[in-house]
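Structure first, commentary second.
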Amino acid sequence: MATVNINGIDVKAREGMTVLDVAQSAGIYIPTLCYHPDLSTFGGCRVCMVEADGSAVTACRAPIKDGMVVRTDTERVNQMRRVNVELIMTNHDQDCQTCAKNNNCKLQEVCAFEGITPERMSRLRRVITNKEQDTSNPAFKRDFAKCITCGICVRTCEEINGVAAIDFAFRGYKTTISTIGNKPILESKCESCGECVERCPTGALVVKNQVVPEREVRTICSYCGVGCGLVLGVRGNRVVGVRGDRQNPVNQGHLCVKGRYGFGFINHPDRLKAPLVKKNGTLTETSWDEALTLISGKIKEFTDKHGPNSLAGLTSARCTNEDNYLFQKLFRFLGTNNIDHCARL
Amino acid sequence: MAGLANAFGSGAMTNSIRDITQADVFFIIGSNTTEAHPVIGYRIRKAIREGASLIVADPRRIDLAEHADEFLQLRPGTNEALLNGIVHVVINEGLYDQDFIRERTEGFDELAEAMQKYTPEYVAEITNVSAEAIRKAARLYAGAKNAAILYTMGVTQHTSGTNTVLAIANLAMATGNIGKPSSGVNPLRGQNNVQGACDMGGLPPVFTGYQPVSDPTSRKKFEEAWGVSLNPEPGLTVTEMMDGALDGRVKMLYVMGENPALTDANLHHVQEAMDKVEFLVVQDIFLTETAAMADVVLPAAAFAEKTGTFVNTERRVQLINQAVAPPGEAKADWQILQDLAQKLGFNWQYGSTEDIFNEIATLTPSYGGISYERLEREGSLQWPCPTPGHPGTPILHGEKFTRGKGLFNPVEYTPPAELTDEDYPLSLTTGRNLYHYHSGSMTHRSKEIEELRPEELAQVNTEDAARMGICDGDLVKLSSRRGAVETRVEVSDIVPPGVVFMTFHYKEAAVNLLTNDKLDPFAKIPELKVCAVKLEKVAS
Amino acid sequence: MYDKQILICAGTGCISSGALDVKGSLEKELEKHNLQDKVRIILSGCHGFCEKGPIFIVYPEDIFYCGVTAEDMPELVEEYLVKGNIVDRLLYKDPITGESVTSHENIPFYRQQKRLVLRNCGVIDPENIDEYIIRDGYSGLKKSLQMDPKEIIDTVKNSGLRGLGGAGFPTGRKWETAYKIESDKKYVVCNADEGDPGAFMDRSVLEGDPHSVLEGLMIAGKAIGSDEAYVYVRAEYPLAVRRLRKAIAQAEEYGLLGENILNSGFNFKVNVKEGAGAFVCGESTALVISIEGKRGMPKPLPRPRTTEAGLWDKPTLLNNVKTLSVIPQIINNGADWFAGIGTEKCKGTAVFALTGKTNCSGLIEVPMGIKLGKIIHEIGGGIPGGKKFKAVQTGGPSGGCLPESKLDLAVDFDTLLQAGSMMGSGGMVVLDETTCMVDVARYFLNFTVEESCGQCTPCRSGTLQMLEILNDICEGNGREGDVELLLELGKSIIDSSICGLGKSAPNPVLSTIDYFRDEYEAHIKDKTCPALVCKNLIIYDIDQEACTGCGRCRKNCPAGAIAGDKKEPHVIDQEKCTKCAICYDLCPDRFSAVKCLTGEKITAMAKGGGN
């Protein structure tokens, strides 16, 4: 154990923690932009600067030492942080009201904390160095005028997904996040998992046609057998979005393209809404009672005439345990073990 | 699963996702993990980046092959031979785990003898993988502190599938890579609740928890609990049901949440059976290709509209929660089934899925300690979890195998049921892509996903394409002895010369019209992974 | 036996001014006079006096001809080599007295220099290892092979040598750290990623004396326990790369490089890694990352020193070309010899690329502690055209500008830093009164803006912001408070940037504000450019009294902006004028009718259309 003095208060810390870790554990806010708890540290945005034992360091990378004295609110610290946030803002599209990340934007949060004022901003020159948009991917959009080159997407793609479809390209103020050959993201090896979109601190990577949910429900993905935890975003009676459940031990919040973006089928107009019965060769809507009466009649007829083994049922690897249990129970009740499913596919 | 049950006494993933990803060496065979199980794929790529080694055996140069230390690009349908060759090297170079073999297994000497003929050179001829690569892979796998084998349908969807699983079990046992963390034999299950459907007795010969219907004790337990007398004879498998429909034994087929008219092998045969059966009931969320043929279609609730439990590939039981109401008059499947049971005069009175689960837990030893209350509190539990105080079982066969001692089962290589010939010179293998799911009834109706991959692109090797004058995006006709489809192609070196790959996600290019429904004699799995086809360019 | 040796400089500078043609022509002339067996031609490395190239020295007499061309060869051979008459017109002329100087040692440009790093440059044939060996080459290595590593390190420590790459870190201490770390593998890296505009000292050493660098590397390897080195050199230096590779091959052939060198049991391998010319790759961590084949971005602190974990995480000793090349002499002559040169805290010499407004320019090497004024006025020969000295910019694009009041400064690492500039890579640009200091700051900043790696906010966005402000100021759009804003930005960029590039990028701006703040204020408040440089703030106007209507300006104006009848005073149409200054330059001195004017009122008036 070590003790670190932050702004005059002693805080207990473990060796190996960073100044940021310790500050956060003590409930002390330090603004960050390029830091993300899931990823390796980068130290590029320079807004988490603090003074540690008198020298200016990035809190996200500086390891603590026993007896270290950290100051987060000195004139020097505030000056560096404020200037760096202002500099980022000079190269950032500031149309916040219409931005999908409005109220959910790390840059807004940091600006508010640092107290960026119109008076100070008006002294600076606006330089939007890249106004391009990449709308090639159907699920999300890249808006370079909002990119702060924090590299969180680059590290996410490499460290979370392991694809490394994007990286830094060019130098200086032309620095941008690029696919190989600077092609649209759709033509790259991007797997559209959306992990970078999930982590982008600004509106540079946003889901297209975003609808903000009014409530959220935790559940499990219904595609492959990995069993990732999902949090469904719901508005009215519509599922409008999906994010990974960070508490789920299987995926720890990570999702693939299907899990994250493949939810449109739930509210699709093609959904079956009433039982159908084939009449004169065409399936026509009917009541539950009629449909079930017809089926139960057929079951009795076949069992009586041909015995229960004339019935066969395919249960489902897509349905719940409870559904499956009742399905096989029903068939075995009827006297047949002709129950199978597509476990082999 | 039949193979693992034979070798270890229990057929499921032996380890957990989290602990496998700590392995030093991964041996991935017949699994395109990064596309079929993407989140596990992320973990593997991360482990490789952090220093683990990777062996990949696959006919296609899949994404993981690019990350592999040893990539064994074998001919389709030669898994068994390759594995036998690796076991041969392990045995002949003395790389096996003597203590483990002595204490935990039986039948090693028989295995050693049977494997003698599978020299790397002999295996190289069968598999087209070099003898040196086989040796290197064997040394890499056997030399690891902890090595995990992952496989999927690339192993099982062959007439020799069960034997291949046995060969995998031989390799894992011979090197002691089982019953401990970060190792094991791990079939990755392909569907969200395929493990649960099996656990729940969705198989002809067993009740829940794999309790045989033929076993009088088990049967008695269920008869007492349910208050009916039960049939002791195992029932028909899917393929047998189709045959039964065709020959008139089966009069009624009730399909819940499946689309065999697109997903099963040799579709003409399946569609004929569906046509022939007197009464077809389909319960689903969409009017699928199968539902369209039905006499009665029942509208079901989707996963987001119901509660219940799913079991993932690592035997983890997890709760699902209702987020929205089902559309129109659609109902949860269990409610439909209960309504039908009541119509049939059975007095079923389940008030909730929790009521059903409690009954499952009482009748199923491996689920005995699981309850909704625990799942809500603890998040999830991995079976076996026999008692309410049991923490669940992340790793199977820790101290002893379910069957006592692990049994080595020497297996001989048998070629695929259908080999290429003059008329059908190419091997067709099938699988998934990252974007779509099975018959695509869900993903094709999710706009973003559909836009990402709107149509099938059969993969044809560059050399083959050049010889046949085929370019990227060309329309071709692909035919086998059972049928023909038209599809666009992607000219690519992902497939080796002589091999064509297609997914089964697109009804417009339903690859299962071509596939062979010849079954693995034990597991009854059709040989979806290899058949002989020919390819012709369609004039545009 | 040869009677005479002729050294023709074949540095990059002289080659581009025709040295190889000179050689060809000379060979022809020698044959014509049947002298080919009597006169030996040596292509040497750079002599430093590139401005007067190609340089042509005849030994044993040491006659220094400069600016020779292929056409001069018949005369030179005939007159001097055959008849023995010195060709006066090709001798160096003292800019002040106008007198001819025969020996290069008597040229002020050379007289004040002390050449250690450049000892062999221009003196030997760099492609011939024997010439290096004759001048004590590889004897330092031989000596060091018999020394204990501690002994070598102590020698370097006691010599007081400080890294000549610019930062001036004590070399011996760095070696000691690298020596003390235990590791199965260590690397020595020679930093030859010379990126500053106008700096070419590393290139000259590699081109003119590559073996000295190899020998330095080997001594370093022996001292710290390393068996492998990389030379990271820009691919834009093809001649340096070629000569270095040739030197490596020759040394290997002589058994001076490779396995079991001179039967000492010491093995050493040198690799050449060509960089892609990113300025930031001169930074140690970025350089290491770049050798590893990745995008060269400096690693932010905290991180291990390169000496502890550098190339492939192994201890890596990184030294500059010049530092390494002087090492063999220190081993040969002893620590005291080297410590006897220079000042108390800075030993040895400093190499500068002297350019800009001086009569003589080129590569120079001077003892530490020499007065700044001496370099400019004696070695540089003063300011040409009778103009007044204004400032000297040292240290490359990240250095600072020092005014006349600092010419008494004794040049070394520390004094330059204290004065707001730095030694840096050794660029030294002399500026005269016609230079606008805001424009100069803008020029240097523009370089760092383009060369920033883009990783950290202050360097990526901060330098660009400062540049935008300077652009505004130069264009007459400066705002009240801009100077204070530049100071605030500069301070914050220095304080919070990741690496030395960002931490020094504001220097040209801060130092010019420090010493020439009035010029900034004039641009911002009065919209004037006192040096008459910033185009938006000046106009050209024709003095109607003085103009005789000769038409010279009118005929040559590329914009067609000048009108006027013959023998009548001309006028400039300010709307059309592009301020190219051709009229100003062409107007005969006897009229001097074209005036350059600055000031808000004047420019406003001009733009208002009235003349």
Fill in: Mean Cβ neighbour count within 10 Å, used as a protection proxy, ranking A:90-102, C:348-360, B:185-197 highest first
B:185-197, C:348-360, A:90-102
Worksheet item: For the range A:128-207, what's the radius of gyration and Dmax over Cα atoms, in angstrom?
Response: 11.2, 31
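Using the Cα centre of the range A:276-340 as the reference point, and only Cβ charges (+1 on K/R, -1 on D/E), how large is the resulting charge dipole? Debye, rounded to the nearest 20. Before the final figure, lay out the partial values.
On the way: 8 positive and 8 negative charges, 38 e Å.
About 180 debye.
Shielding by partners for A:283-290, please: the mean number of other protein chain Cβ atoms within 10 Å of each residue's Cβ. Numbers along the way, then the final one.
Values: counts 8, 0, 4, 2, 1, 8, 2, 1.
Across the residues of A:283-290, the mean count of other-chain Cβ atoms within 10 Å is 3.
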Practice prompt. Based solely on C-alpha atoms, express the radius of gyration and the Dmax of the range C:129-339 in angstrom.
Written response: 15.7, 47
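Please list, by residue number, every one of the chymotrypsin sites (Phe, Trp or Tyr not before Pro) in the range A:185-286 that is coil in DSSP and has at most 11 other beta-carbon atoms within 10 Å. Don't skip to the end; give the middle numbers.
Values: sites: A:Tyr223, A:Tyr261, A:Phe263, A:Phe265; in loops: A:Tyr223, A:Phe263, A:Phe265.
Answer by residue number: there is no such site.
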Item to complete: Once you have all Cα-Cα distances for the range B:36-191, histogram them in 10 Å bins from zero and send the whole-percent values.
Response: 11, 42, 38, 9, 0
Worksheet item: How high is the relative contact order of the range A:44-146, in percent, counting Cα pairs under 8 Å that sit 6 or more residues apart?
Response: 23
Practice prompt. Please report the Cα spread of the range C:349-432 along all three principal axes, rounded to whole Å, starting with the longest.
Written response: 33, 22, 22
Item to complete: Using the structure shown, select from A:Lys298/B:Lys331; C:Lys52/C:Lys387; C:Lys357/C:Lys595; B:Lys46/B:Lys507; A:Lys12/C:Lys314 the pairs with a Cα to Cα distance greater than 27 angstrom.
Response: B:Lys46/B:Lys507; A:Lys12/C:Lys314
Worksheet item: Roughly how crowded by other chains is peptide B:515-524, in terms of the mean Cβ count from those chains within 10 Å of each of its Cβ atoms?
Response: 1
Worksheet, complete the sentence: GNM on chain A, Cα springs under 10 Å; top mean-square fluctuation among A:Cys60, A:Cys48, A:Cys105 goes to A:Cys105
Item to complete: Only bridges with both residues in the protein assembly as shown count here: give the DSSP antiparallel percent, nearest 5.
Response: 60
Item to complete: Determine, for each peptide in A:179-191, B:83-95, the mean count of other beta carbons within 10 angstrom over its residues, then list the peptides with the highest first.
Response: B:83-95, A:179-191
Worksheet item: For the range A:217-223, in order, what is each residue's ³J(HN,Hα) by Karplus, 6.51 cos²θ - 1.76 cosθ + 1.60 with θ = phi - 60°, in whole Hz (x at glycine and Pro)?
Response: 10, 7, 7, 10, 4, 9, 8
Practice prompt. Sort out for me the Cα centre separation of the range A:39-69 from the range A:127-197, rounded to whole Å.
Written response: 27
Fill in: Computed magnitude of the charge dipole of chain C (debye, nearest 20; Cβ of K, R +1, Cβ of D, E -1)
640
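Quick one: of the DSSP bridges fully inside chain B, what percent are antiparallel, nearest 5?
Details: 25 of 62 bridges.
Rounded to the nearest five, the antiparallel share is 40 percent.
In percent, how large is the relative contact order of the range C:511-598, given Cα pairs closer than 8 Å and 6 or more residues apart?
It rounds to 33 percent for the range C:511-598.
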Practice prompt. Please give every one of the lysines within straight-line cross-link reach of C:Lys347, meaning a C-alpha to C-alpha distance under 24 Å, and leave out same-chain neighbours fewer than 8 residues apart.
Written response: C:Lys114, C:Lys143, C:Lys150, C:Lys157, C:Lys174, C:Lys222, C:Lys322, C:Lys371, C:Lys374, C:Lys406
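Peptides A:298-309, C:49-60, C:422-433, A:165-176: what's the order by average Cβ count within 10 Å, highest mean first? Don't jump to the answer; show the numbers that get you there.
Numbers: A:298-309: 16.5, C:49-60: 21.8, C:422-433: 24.6, A:165-176: 19.1.
Listed from highest to lowest mean packing, they are C:422-433, C:49-60, A:165-176, A:298-309.
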Practice prompt. Sequence neighbours fewer than 8 away in the same chain don't count; with that in mind, list the lysines whose C-alpha is under 18 Å from B:Lys405.
Written response: B:Lys180
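Taking 8 Å as the Cα distance limit and 6 or more residues as the minimum spacing, I'd like the relative contact order of chain C as a percentage. Each step should come with its number before you reach the end.
Values: 1312 pairs, mean separation 67.4, N = 611.
Reported relative contact order: 11 percent.
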Worksheet item: So, how do all the Cα-to-Cα distances of the protein assembly as shown break down into 20 Å bins, in percent, from 0 on up?
Response: 8, 27, 28, 21, 12, 4, 0
Worksheet item: Is it possible to state the helix-based mean residue ellipticity at 222 nm for chain C, with each DSSP H run of 4+ residues giving -39500 (n - 2.57), the sum divided by total residues, to the nearest 500 deg cm²/dmol? What is it?
Response: -10000 deg cm²/dmol
Response to the item:
Residues whose modelled amide H sits under 5 Å from the amide H of C:Asp412, counting only those 5 or more places away in sequence or on another chain, are C:Gly369
Worksheet item: How big is Rg to Rh over the range B:194-382, alpha-carbon atoms, Rh as the Kirkwood inverse-mean-distance radius?
Response: 0.97
Practice prompt. Between the alpha-carbon centers of the range C:37-99 and the range A:210-285, tell me the distance in whole angstrom.
Written response: 87
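Other chains near A:273-281: what is the mean number of their Cβ atoms within 10 Å of each residue's Cβ? Please list the in-between numbers first.
Numbers: counts 6, 7, 10, 10, 4, 7, 1, 0, 0.
Mean number of neighbouring Cβ atoms from other chains: 5.
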Practice prompt. Starting from one equal scatterer on each C-alpha and no solvent at all, send me the Debye-based log10 I(q)/I(0) for the range A:276-340 at q = 0.21, 0.22, 0.28, 0.29 Å⁻¹, two decimals.
Written response: -0.99, -1.03, -1.09, -1.10
Worksheet entry | HN-Hα J in Hz across the range B:323-335 - Karplus 6.51, -1.76, 1.60, θ = phi - 60°, x for Gly and Pro | 9, 9, 7, x, x, x, 9, 4, 9, 5, 4, 5, 5
Discussion item. Tell me the angle of helix C:437-451 to the major Cα principal axis of chain C, expressed in degrees between 0 and 90 and rounded to the nearest ten.
Written reply: 50
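Computed over the Cα atoms of the range B:66-140, what is the ratio Rg over Rh, Rh following Kirkwood? Walk me through the numbers on the way to the answer.
On the way: Rg = 12.9 Å, Rh = 12.8 Å.
Ratio of gyration radius to Kirkwood radius: 1.00.
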Practice prompt. Provide the per-residue ³J(HN,Hα) series for the range C:401-417, in order, calculated from phi with Karplus coefficients 6.51, -1.76, 1.60 and θ = phi - 60°, each as a whole number of Hz, with x at glycine and proline positions.
Written response: 9, 10, x, 3, 4, 9, 5, 7, 4, 7, 6, 7, 3, 6, 5, 5, 5
Worksheet entry | Hits among aspartates and glutamates - C-alpha to C-alpha of A:Lys131 under 12 Å, sequence gap 8 or more where chains match | A:Asp93, A:Asp143
Item to complete: Take the alpha-carbon centre of the range B:375-408, take the same for the range C:157-175, and report the distance between them in whole Å.
Response: 65
Worksheet entry | Largest-first principal axis extents of the Cα set of the range B:426-540 (Å) | 40, 38, 23
Practice prompt. State to the nearest 20 debye the size of the charge dipole of the protein assembly as shown about its Cα centre, where the only charges are +1 on K and R beta carbons and -1 on D and E beta carbons.
Written response: 2020
Fill in: Per-selection Rg to Rh, chain B - Cα, Kirkwood hydrodynamic radius
0.96
Worksheet, complete the sentence: Non-local residues with an amide H under 5 Å from the amide H of B:Lys331, with H modelled 1.01 Å from N and Pro and chain starts lacking one, are B:Ala300, B:Ala301
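Largest first and in whole Å, give the semi-axes of chain C's equivalent ellipsoid, each being the square root of 5 times a Cα gyration tensor eigenvalue. It would help to have the intermediate numbers written out before the result.
Details: eigenvalues 411, 236, 75 Å².
Calculated on Cα positions only, the semi-axes equal 45, 34, 19 Å.
Since every read-out is calculated from the coordinates, none of them should be taken as a lab result. What you see is a predicted model, and the numbers here were worked out from it, not measured in a lab. Methodologically, a virtual Cβ is constructed for each residue, glycine included, from the backbone with ideal geometry; neighbour enumeration extends over all protein chains shown.
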